[in-house]
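The values are calculated or read from the model by the stated rules, or taken from the named source; none is laboratory data. Worth saying up front: this structure is predicted, and the values here are computed from it rather than measured. All Cβ positions, glycine included, derive from the backbone under ideal geometry; neighbour counts span all protein chains shown. Protein only, heavy atoms only, side chains kept; ligands, DNA and RNA dropped before computing areas. Shrake-Rupley method; radii C 1.70, N 1.55, O 1.52, S 1.80 Å.
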Amino acid sequence: MVIRPSDKDLLHTWEKGQGQPLLYSNMLLLGLLYPEEDGDRLWDLPIGERDLALLHLRTLLFGEQMRSAAHCPHCGEHVEWEAKTTDLMFQELATLGQPKHFSLPVGATDTRFRLPTSRDIVHMANQNPEQRDLAFIATCAVDDIDLTQLSQAQKVAINKEMAALNPQADIQLAMVCPACGHQWSLTFDIMTYLWDEVNEWGMKMIQEVALLAKHFSWSETAILEMDRFRRDRYLETLLS
């Protein structure tokens, strides 16, 4: 059973993530969901499974309901949206294990592939899109592969199969502008959404700890280990 990370652990992780690239900050957060796993191993999770795990973590930390807004690409209207994390979970949260493989014919033989990971994203960061597509195929090939043998149709087939096996890697929200009626798909990025929430939570928690420490001379550890309900009651008393 997965339990909610403690406020103490979350605050420590938030502090470690400051100034880091977004991917690195989220991989630190992911470690809260798998505290007994080697953090380096989490980099080898398929991107979809990583994002699914972050959705689960978000549910544990802040609940199912999510709210945000976007601008209509047609008229610029501010459009608010709501969604539940559970509605964006398209597969079960898997236990960490061996990478899953799939096979597709390349030339005269079937070639095995695995799904892209966060580690692959880092390695491909400086390549242009065309080079990146080929590099992903080469990197994710479990068996030896000659890229010159790949037809355009085979490249498309490999990418389609990766997308089909990795549905969490591309979450689209159906949007409708209330002003002009324009409809479009909005890409939902759980890494940006969750880290923004954790940042806001971290700043608020620092203020709460400072207030309670000032009035009661409690240590940060004692405050963070206090039951959330009781801590909120102390804060209400001070602010009333």
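At-a-glance table
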| read-out | value |
| --- | --- |
| Gyration tensor verdict on the stretch 37-77 (Cα atoms; rounded if a/c is under 1.5, prolate if a/b is larger than b/c, oblate otherwise) | oblate |
| Between the stretch 6-27 and the stretch 183-240, the Cα center-to-center distance that results, in Å | 14 Å |
| Glu92 versus Lys155: modelled label distance in nm, points set 7 Å from Cα along the beta carbon direction | 3.7 nm |
| Whichever lysines have a C-alpha closer than 19 Å to that of Lys100, once near sequence neighbours (fewer than 8 apart) are set aside | Lys160 |
| Karplus-derived 3J(HN,Hα), 6.51/-1.76/1.60, for each residue of the stretch 52-62, Hz, glycine and proline x | 4, 4, 5, 5, 4, 5, 4, 4, 5, 7, 10 |
| Hydrodynamic radius (Kirkwood) for the stretch 168-240, which is based on Cα pairs only, to one decimal in Å | 15.6 Å |
| Solvent-accessible surface (1.4 angstrom probe) belonging to Trp218, in square angstrom, nearest 10 | 70 Å² |
| Under Karplus coefficients 6.51, -1.76 and 1.60, residue-wise ³J(HN,Hα) of the stretch 143-160 in Hz, glycine/proline x | 8, 4, 9, 9, 4, 5, 7, 7, 7, 4, 5, 5, 4, 5, 5, 5, 5, 5 |
| Within a Gaussian network of the chain (alpha carbon springs, distance under 10 Å), most fluctuating of Met162, Met205, Met27 | Met205 |
| Equivalent ellipsoid semi-axes - Cα gyration tensor, the chain, angstrom | 40, 24, 15 |
| Cα-based reach from Lys16 at 27 Å (exclusive), listing lysines while leaving out same-chain residues under 8 positions away | Lys8, Lys204, Lys214 |
| Exposed GluC sites (Glu not before Pro) absent: longest stretch of the chain, with sites in DSSP loops and at most 15 other Cβ within 10 Å deemed exposed | 93-224 |
| Computed accessible area, His215, all protein chains, 1.4 angstrom probe, square angstrom | 100 Å² |
| Coil-residue trypsin sites (Lys or Arg not before Pro) of the stretch 1-106, DSSP, other Cβ within 10 Å capped at 15 | Lys100 |
| For the stretch 137-211, convex hull of alpha carbons as volume per residue, Å³ | 178 Å³ |
